[in-house]
1. Only residues in the range 354-372 that are without any contact (Cβ under 8 Å) to a residue 40 or more places away in the chain count as the first member; pair them with residues that are not in a helix (DSSP H, G or I), Cβ under 6 angstrom, at least 6 apart or cross-chain, and list the lot.
2. Taking the range 82-100, which residues are small (Gly, Ala, Ser) and closer than 14 Å to residue 132 by Cα?
3. From the list 262, 278, 282, which residue is closer than 24 Å to residue 336 by Cβ and open to solvent by 20 Å² or more (accessible area, probe 1.4 Å)?
4. Could we say that residue 473 is in contact (Cβ under 8 Å) with a residue 12 or more places away in the chain, open to solvent by less than 60 Å² (accessible area, probe 1.4 Å) and within 23 Å of the chain's Cα centre (by Cα) here?
5. Hey, could you check the range 500-524 for residues that are open to solvent by 50 Å² or more (accessible area, probe 1.4 Å) and in contact (Cβ under 8 Å) with a residue 12 or more places away in the chain and say which is farthest from residue 562 (Cα to Cα)?
6. When the range 398-421 is examined, which residues are found to be in a loop (DSSP other than H, G, I, E, B), farther than 16 Å from residue 341 by Cα and in contact with a strand residue (DSSP E or B) (Cβ under 8 Å, 6 or more places away or on another chain)?
7. For the structure I just gave you, tell me whether residue 531 is assigned to a helix (DSSP H, G or I) and more than 26 Å from residue 252 (Cβ to Cβ).
8. Looking at this structure, is residue 518 over 25 Å from the mean Cα position of the chain (by Cα) and closer than 26 Å to residue 559 by Cβ?
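The values are calculated or read from the model by the stated rules, or taken from the named source; none is laboratory data. Owing to the predicted nature of the structure, the values given are computational and were not obtained by experimental measurement. Cβ atoms come from the backbone with ideal geometry, glycine included; neighbour counts cover every protein chain shown. Just so you know, the surface numbers come from the protein's heavy atoms only, side chains and all, with ligands and any DNA or RNA stripped out. Shrake-Rupley method; radii C 1.70, N 1.55, O 1.52, S 1.80 Å.
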Amino acid sequence: MAPSPSLPPPLPPTGRVVVLYASQTGNAMDAAERVGREAERGGCPAVDVLSMDSFDPSCLPGERSVVFVVSTTGQGDPPDSMKGFWRYLLKKELGARWLEGLRYAVFGLGDSGYQKYNFAAKKIDRRLLQLGAEPIIEIGLGDDQHPSGYEGALDPWLLSLWRSLNQANLSLLPRISDIINPNLNNLGDSKIEVVYYSCDDAPQDSIVSDSKKLIERTRSASPALKFHNDGEPQYMLKMVTNQRLTKENSEKDVRHFELEDPSSEISYQAGDALEILPSQNPSAVNAFIERCNLDPDCYITIRAKGGDEFSKCSLVNGMMDRIKLKTFVALTMDVASASPRRYFFEIMSYFATAEHEKERLQYFASPEGRDDLYQYNQKESRTVLEVLEDFPSVHMPFEWLVQLTPPLKKRAFSITSSPLAHSNQIHLTVSVVSWLTPFKRTRHGLCSTWLAGLSPNEENLIPCWIHKGSLPPPHPSVPLVLIGPGTGCAPFRAFVEERAAQSVREPTAPVLFFFGCRNEDTDFLYKDFWLNHAQDKGVLSPKEGGGFFVAFSRDQPQKVYVQHKIKEQGARVWSLLCSGASIYVAGSSTKMPADVTAALEEVVCQKGGAAASGWLRKLERAGKFNIETWS
């Protein structure tokens, strides 16, 4: 079920299921579309799948059956598309009977490696109950850590949802048996159609020399990106420094990149994030086009097909421009790094001409084959191109490939520099990602590997967008306790650089920084930078009330981490907290945030006694305890 851009005219609510999703990276949208497809397959008279920011929450009391699919980002934050909806639900004038008559279900997508696992979904579930809505079934919690990913929880949850809805209203899902036992020989229509033009027919204005406009125009035409398109890149930056920070014998390859706009200043703040659109390997793009028997030089337009939302002649996002097919694939379709979803395998099965391939694909698309598919696909990080090559008898129409290939997404990195020190540059600290799959295949992160391969001052320009990060820039008068092991030091290099620049013209408060790595000799990132600012009158210098503390976890028999250093320096940490300090934590989302939080709680309890209970929670509510983590 394709997501609709806006709510259609009201229908009799008893015969409609509305699916509202809040997605940051696209997973919740994928799950919501599956909910919509299954409801349609079961004969539901009307199904609408909508992004939460395209639904008017004041209309909620007029609905009867609503399914919410919600992802959780960062440290329990709701996706951007949920924030306005959530603010409306928190209005005090909404009473305990406001949603009486509404039956709802919530499915959350999260990662139990994070402290606030599925926090956004749990919050909306509680609030709907408070407002008088009745749950159809208990909340479902999808977990990225599950052996089958979030679908490990989604499969049984959906089955329970359909059965509960059917028991309450037999007319809502008259063909429920088609959901429980789907006929994989019955292919529905794709939601889009592609119109082809020869290169001779392409008008002159289809050839765009401005790379910013070309990126915006191409990505605007992608159905998969229509709710996630930020327009043209704010900047096209040049790589001027590509420096390896870790030693050659280190297990990790961490780079310091300096990106520059030679013609103008860059508008950003310390604590912001830089989003980068990576370039795909041209040979992979060419191989995909060849495998799919496409003409790389033809031009295309993409039209929405059927439905109330778009006429058969309208174009997605109203774009009338013709785009070169090869350009469209390269800028919008992630063919060589992202793994396809289960629905991709289901649609492939319809186009398989070899019987053994059809059977295997149908098995992968079935509930029984879910775990084997997860091992074959997600665990092996199998790409769209590799999957197509593994099933050579499959020839999917380009319409289906456009609809189902994962979109090429931007990657976000914490900015490592301060604009006060580098007005026309942005610095990044990036770990070049590579890993071995269970079958010992080496995989590489698309964006980090591409950046690491760029030579400084080459003509390559990097499409960039600046976004507000989750670490608000502190006022110069606020003392800071910074904790950033590994590449978690990235935003704090910007904070220290900024405070050093501020200290030249005004008094600044002290800074304590706790850094951690494995070995002093191999991965002590920015060693000279930190030590320089810890000397004399530097912002980390003890003379200025600051401090710099490093935990080398592998340089002695007993492992030492940042939480141990925090407890060692408990008196100084407590003193700074009593002076109104803000705490910032950045780094890996695994055990580190919980261990650091526990160490801080221990310090507060030991130094502050019983009166200090709840201190960190109060700091968090006041916006003075901020965590930014990544997996």
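1. Close Cβ pairs satisfying both conditions: 354/393; 357/391; 357/393; 358/352; 361/352.
2. 95, 96
3. 282
4. yes
5. Once the filter is applied, the top-ranked residue is 506.
6. Once the filter is applied, which keeps residues that are in a loop (DSSP other than H, G, I, E, B), farther than 16 Å from residue 341 by Cα and in contact with a strand residue (DSSP E or B) (Cβ under 8 Å, 6 or more places away or on another chain), the range 398-421 yields 410, 416, 417.
7. Taking the combined requirement at face value, the residue does not satisfy it.
8. yes
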